[in-house]
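The values are calculated or read from the model by the stated rules, or taken from the named source; none is laboratory data. Since we're looking at a predicted model, the values are computed, not measured. Methodologically, a virtual Cβ is constructed for each residue, glycine included, from the backbone with ideal geometry; neighbour enumeration extends over all protein chains shown.
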Amino acid sequence: MKFFTTLTFFALVGLATAVSDSDYAAIKKALASEMSNHHTFTTPELYHDLAAALGLTDACAVLYNGSPNLLLGYQKVYERLSALANDPTNTAEQTKTIGDLRDFTHNVVLTDPNHL
């Protein structure tokens, strides 16, 4: 019984962090946009769209219309990307793509808010 309970717990945790096809498509689109701009242009709109695709409604609210809590929205997206990047069911490509956008979000957006 304990084995079943533990297995059920990890299955539920896995469901909470697994990357769906639509999430992954949104992540790839956001990363491509960032890379095509050579890390020189980040917009709240791009992250708003990514947050919406990832189901982060609270992040969407602060990434809309230049909210004074803009960094909070980026932080929530970063946290979701971190969880997705650590999902053991990802393919190697998914892990790299998600990790690249997570790292960009941390290194450029969260570390240097003047970049925005």
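Residue by residue, here is whether (1) modelled with pLDDT under 85; (2) surrounded by 12 or more Cβ atoms within 10 Å (Cβ to Cβ) holds:
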site	(1), (2)
D49	no, yes
A52	no, yes
V62	yes, yes
N107	yes, yes
P113	yes, no
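Take the stretch 12-44 and flag every residue that is farther than 12 Å from L101 by Cα, modelled with pLDDT under 85 and in a helix (DSSP H, G or I). Result: L12, V13, G14, L15, A16, T17, S36, P44. Here P88 meets each of (1) surrounded by 12 or more Cβ atoms within 10 Å (Cβ to Cβ); (2) at pLDDT 75 or above; (3) of a type outside the set (D, E) with one exception, condition (1).
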